1. In a GNM of the chain with a 10 Å cut-off on Cα contacts, which of Leu30, Leu45, Leu15 has the highest mean-square fluctuation?
2. Considering the chain, what Rg and Dmax in Å follow from its alpha-carbon atoms?
3. With the alpha-carbon atoms as the only input, what is the per residue convex hull volume for the range 1-45 in Å³?
4. Would you mind checking which residues have amide H under 5 Å from Leu31's amide H? H placed 1.01 Å from N; only 5 or more apart, or other chain.
5. Helix-derived [θ] at 222 nm for the chain: sum -39500 (n - 2.57) over DSSP H runs of at least 4, divide by residue count, nearest 500?
6. What is the angle, in °, between the Cα long axis of helix 59-79 and the longest principal axis of the Cα atoms in the chain? Nearest 10 is fine, range 0 to 90.
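Nothing in this text is a laboratory measurement; each read-out follows from the coordinates by a stated rule. Since we're looking at a predicted model, the values are computed, not measured.
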Amino acid sequence: MALTVRVGKKGIIVLPKAVREALNIVEGSLLQVEVRDGEVVLRPLDLWERVWGCCKGSAEEAEKELDEEESEWLKKRSLGK
């Protein structure tokens with residue numbers, strides 16, 4: 001599916017309804033944004049899958065891993081400002 005969208009103020013884009021429905025993206029969903037070979041790639045993030053699928057150990061280990069990822073994300077975000 002290839003669709004065209006317009007970039008608005010502050011880089012805001014609207015994902016077409018067909019795309020949101022196909023990927024089950026709803027208000028509040030998280031998307032990972034990546035620049036790859038000159039393209040912008042958006043990928044839905046399912047944090048529950050990451051919690052349950054990332055760690056074969058305890059819930060505490062999974063929570064620690066998520067805390068580390070959140071900390072790294074916040075660092076990257078603050079560097080971009």
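1. Sorting by GNM fluctuation, first place goes to Leu15.
2. When restricted to Cα atoms, the chain yields Rg and Dmax of 15.7, 45 Å.
3. Dividing the Cα hull volume of the range 1-45 by its residue count gives 100 Å³.
4. Here the answer is Leu45, since their amide H atoms fall under 5 Å of that of Leu31.
5. One gets -14000 deg cm²/dmol as the mean residue ellipticity at 222 nm.
6. It is inclined by approximately 40 degrees.
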